[in-house]
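Undergrad: First the structure, which I've put down as structure tokens, then a few questions once you've had a look.
What follows draws every value from the coordinates through simple rules; no lab data is involved. This is a predicted model, so every value here is computed, not measured. Don't worry about glycine lacking a Cβ; one is built from the backbone with ideal geometry, like all the others, and counts go over all protein chains shown.
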Amino acid sequence: MRNETRDIATMDEATARAELTELARQLAEADAAYHQKDAPILSDAEYDALRRRNAAIEAAFPDLKRADSPSDRVGAPVADGFSKVTHAVRMMSLSNAFDEGDVTDFDTSIRKYLGLGSDAPLAYTAEPKIDGLSLSLRYENGALVQAATRGDGAVGENVTANARTIRDIPQHIDDAPEVLEVRGEVYMSHADFSALNDRQNAAGAKTFANPRNAAAGSLRQLDSAITRARPLRFFAYSWGALSEPLAQTQEQAIARLARMGFSTNPLTRRCDTTEDMIAHYRDIEAQRATLGYDIDGVVYKVDDLALQSRLGFRSTTPRWAIAHKFPAELAWTRLERIEIQVGRTGALSPVARLSPVTVGGVVVSNATLHNEDYIAGRDSKGGEIRAGKDIREDDWVQVYRAGDVIPKVADVDLSRRPDTAQPYAFPDTCPECGSAAVREEGDAVRLCSGGMICPAQAVEKLKHFVSRAAFDIDGLGAKQVEQFHSDGWIAEPADIFTLKDRYGPGRMVQLKNREGWGEKSAQKLFDAIEDKRKIPLGRVIFALGIRHVGEAASNLLARHYGSWSDFETAISAAGALEGAEWDDLLSIDGIGSVMARSLVTAFAQDSERASIDRLAAHLDIEEVARVDTSQSPVAGKTVVFTGTLEKMTRAEAKARAESLGAKVSGSVSAKTDILIAGPGAGSKAKKAAELGIDTLDEDGWLTLIGDA
């Protein structure tokens, strides 16, 4: 469905932010339902797809990554009752493709990163994406010694005893490296699932919603005898830690795993072109209903393992693989009303409240409407979407849930529109505080101008402040923030660090006397707050909740400036949007003008700056550790690449420089230490010469860093 791809590729920041907010909410609710109540509200397959959609949007809009981003967790936390296993090699998730255009884009991005032309040979493997539970099996000298679930990607659950009961998992293997970590998917066939539910019914026990839930629940039993009685299967498709390479290609490695006795999917194919990949996708899709087990797409991987190594990984996904999802499902329902939600940055985000309808096996009652242009039938540039049809309350709308799971409106049935339906008037005042909601030129979103007087913004900013990637204060989560703010105990972040003085031991109104709190829990909270007075610079910048400044950008800024004093001084000096400090801010690779303007604006506003200063007065902000310059000739230096690089791509050169402790900038300034100039270098080389900056060609750079 090409419209889905356009939706991501042409998405504006307000739309992306609204979707990420909805994704985080749905995942949090699904986590609580599945892991705490054992009553899933989404199938596990849909849950995994939702996570992948979140990662795809964050890849397109890295500065909008939320503090509670699901992409920081590859799976779910380890449950009580299982010991923990730290994966020697992190278990990753996959990026998603939703149509043929995305697959072509994937191939193009691989070629661009590797510096390969469009006609250069580049093979892939294509295999069914099994809808099951990821499992890692560690063998030492051919013997199975450990099995672990994926968990959060870094730490999983030790399910060794349970894995030993699965017939597809060999206990001993021949011709294996000394250390071999085989990865694959535990699943349950349709026939076995049906038979299991029949037995559960006959015994008066709880039945399972779908085969993946059944497989996950069976593998994660504390009693391995229960697992033994469940008909689990296993497909091997990858590996983690190895003492020696399995083969030179993905295809050869999978074949070797099969010779060792592992079940591998017979539909795995090597494809020499994107046309071959799409053709095999269509072939697998045609067989989907008759396979006897659940799949939700096809996974493509670069076949050459040396190229996989060069391509490497993003934070939670490999660059060399992608999951091509099967198409969306559609349903018609009535849009009962449109509601406006206000986020921490003041963005007004419209949400459709729907008459509940089942789409793709899940009951949908809400859908994102993105922004006022989307409701009016326009894109961010004024062009028509949905053939120009607007969306109104009481309309009949077609809702779809692609692999991303987030419900969206695909179409409107004008023939069923009531005569009384009126065009939706997007509010120009904040529904929470009544302040003017302003839409600046070039921005698709309306923003409440109330700032911290807006209760929605104040509460959301406080929630953001205590979130995982920010201050992450144990015992002070969203629920407690709402409670304390409602009662007037905290109005801004600095108030958190005076809670003990105001409501601790010896005070007339004590925290320990509040409902839900006791002496121990109150003291534990005070201790947790005290523990976070000393905190890394990157976390502080992110915790401020400045619009457009996400976690990745916060860490970039922290590495660039090094200390709070230098950061605060530089951003304050850049307030005029010109001069050396402004130019230096814009020179940071990954910091654009929109983000920079938002950052300096926050520090230039008297009320917001006063709030920031009050917070900083309570903190011991750690400086960023400097790279040991004795280990690298370029550590701490600022480098700029210009012109054409012939021995590595720009992306590889940047990654290599950063791994050596260098700062990579996009522009030449007085703070630049080295310019690496390839053929075609222009104005940057001229400016470097004027400033007396050391200039190297590509060979000189490689010699300097020891890669010649």
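Undergrad: Whose amide H sits under 5 Å from the amide H of Leu696, counting only residues 5 or more places off or on another chain, with H placed in the peptide plane?
TA: Amide H to amide H, under 5 Å and 5 or more residues apart or across chains, Leu696 pairs with Leu675, Ile676, Ala677.
Undergrad: Using R₀ = 25 Å, calculate the FRET efficiency as 1/(1 + (r/R₀)^6) where r is the Cβ-Cβ separation of Glu140 and Ser83; round to 0.05.
TA: That pair, Glu140 with Ser83, gives E of 0.90.
Undergrad: Ok, one more. Would you mind classifying the range 282-378 by shape? Square roots of the alpha carbon gyration tensor eigenvalues, ordered a ≥ b ≥ c; an a/c under 1.5 is rounded, otherwise it is prolate if a/b is larger than b/c and oblate if not.
TA: Details: a/c = 3.33, a/b = 1.53, b/c = 2.18.
In terms of gyration-tensor shape, oblate.
Undergrad: What pairs in Lys301/Lys389; Lys129/Lys206; Lys129/Lys389; Lys112/Lys389; Lys84/Lys325; Lys381/Lys647 have C-alpha atoms more than 30 Å from each other?
TA: Numbers: Lys301/Lys389 40 Å; Lys129/Lys206 28 Å; Lys129/Lys389 37 Å; Lys112/Lys389 39 Å; Lys84/Lys325 32 Å; Lys381/Lys647 40 Å.
Violating the 30 Å limit, Cα to Cα: Lys301/Lys389; Lys129/Lys389; Lys112/Lys389; Lys84/Lys325; Lys381/Lys647.
Undergrad: Quick one: dipole size for the range 629-704, taken about the Cα centre, charges +1 on Lys/Arg Cβ and -1 on Asp/Glu Cβ, in debye to the nearest 20. It would help to have the intermediate numbers written out before the result.
TA: Values: 10 positive and 9 negative charges, 58 e Å.
Around 280 debye, computed over the range 629-704.
Undergrad: Over the range 629-704, calculate the relative contact order: mean separation of alpha carbon pairs under 8 Å at least 6 apart, over the residue count, as a percent. Write out the running numbers ahead of the final one.
TA: Values: 122 pairs, mean separation 26.5, N = 76.
Averaging sequence separation for qualifying contacts and normalising by length gives 35 percent for the range 629-704.
Undergrad: Still on this model: Return the label of the correct value of mean projected area of the Cα convex hull in nm², as calculated from the structure shown, out of (1) 50.8; (2) 29.6; (3) 35.0.
TA: Step by step, mean projected area of the Cα convex hull in nm² for this structure corresponds to label (3).
Undergrad: Note down the relative contact order for the chain as a percent, whole number, built from C-alpha pairs under 8 angstrom at least six residues apart.
TA: Numbers: 1318 pairs, mean separation 77.0, N = 708.
It comes to 11 percent, rounded to a whole number.
Undergrad: Work out the charge dipole of the chain with +1 on the Cβ of Lys and Arg and -1 on the Cβ of Asp and Glu about the Cα centre, then indicate which of Met260, Ile621, Leu114 is farthest towards its positive end.
TA: The residue sitting most towards the positive pole is Met260.
Undergrad: Could you order peptides 525-535, 232-242 by the average number of other Cβ atoms within 10 Å of their residues, highest first?
TA: Details: 525-535: 15.5, 232-242: 20.9.
Ranking, from highest mean packing down: 232-242, 525-535.
Undergrad: No other cysteine beta carbon under 4.7 Å away is the test; run it over the chain and list who passes.
TA: Cys271
Undergrad: Answer rounded, prolate or oblate for the range 629-704, using the Cα gyration tensor with square roots of eigenvalues a ≥ b ≥ c: rounded when a/c is under 1.5, else prolate when a/b is larger than b/c, else oblate.
TA: Values: a/c = 1.74, a/b = 1.18, b/c = 1.47.
It is oblate, given that a/c is not under 1.5 and a/b is not larger than b/c.
Undergrad: If we count other beta carbons within 10 Å of each Cβ, what is the order of Arg614, Arg539, fewest first?
TA: On the way: Arg614 15, Arg539 20.
With the sparsest Cβ surroundings first, the list reads Arg614, Arg539.
Undergrad: Nothing charged except the Cβ atoms of Lys and Arg (+1) and of Asp and Glu (-1): what's the magnitude of the dipole of the range 536-622 about its Cα centre? Round to the nearest 20 debye. All intermediate terms of the calculation are to be shown ahead of the outcome.
TA: Values: 6 positive and 13 negative charges, 60 e Å.
Approximately 280 debye in magnitude.
Undergrad: Restricting to DSSP H runs of at least four residues, report the calculated mean residue ellipticity at 222 nm for the chain, -39500 (n - 2.57) per run over all residues, nearest 500 deg cm²/dmol.
TA: On the way: 26 runs with 253 residues, N = 708.
After summing the helix terms and dividing by the residues of the chain, the value is -10500 deg cm²/dmol.
Undergrad: OK, next. How far apart, in nanometres, would the label points at Arg167 and Lys520 be if each is projected 7 angstrom from Cα along the Cα-to-Cβ direction?
TA: 4.9
Undergrad: I'd like to compare 590-598, 114-122: which one has the highest average count of other Cβ atoms within 10 Å, and what's the full order after that? Write down the numbers at each step before the final one.
TA: Values: 590-598: 16.9, 114-122: 12.1.
Descending mean neighbour count gives 590-598, 114-122.
Undergrad: Place a +1 charge on the Cβ of each Lys and Arg in the chain and a -1 charge on the Cβ of each Asp and Glu, then give the dipole magnitude about the Cα centre in debye, rounded to the nearest 20.
TA: The calculation lands at about 1320 debye.
Undergrad: Relative contact order for the range 517-570: what is it in percent, counting Cα pairs under 8 Å that are at least 6 residues apart? Mind showing how you got there, number by number?
TA: Working: 24 pairs, mean separation 15.6, N = 54.
This gives 29 percent for the range 517-570.
Undergrad: Could you order the peptides 295-303, 575-583, 460-468 from most to least packed, using the average number of other C-beta atoms within 10 Å per residue?
TA: 295-303, 460-468, 575-583
Undergrad: Placing +1 on the Cβ of each Lys and Arg and -1 on the Cβ of each Asp and Glu in the range 305-393, which of Thr345, Pro318, Ala376 has its Cα farthest towards the positive end of the resulting dipole?
TA: Checking the options against the dipole of the range 305-393, the answer is Pro318.
Undergrad: Computed FRET efficiency, Cβ-Cβ of Val594 and Ser309, R0 35 Å: what is it to the nearest 0.05? Walk me through the intermediate numbers first.
TA: Working: r = 35 Å, r/R0 = 1.01.
According to the calculation, E is roughly 0.50.
Undergrad: Antiparallel as a % of all DSSP beta bridges within the chain, to the nearest 5?
TA: On the way: 71 of 87 bridges.
Antiparallel bridges: around 80 percent, rounded to the nearest 5.
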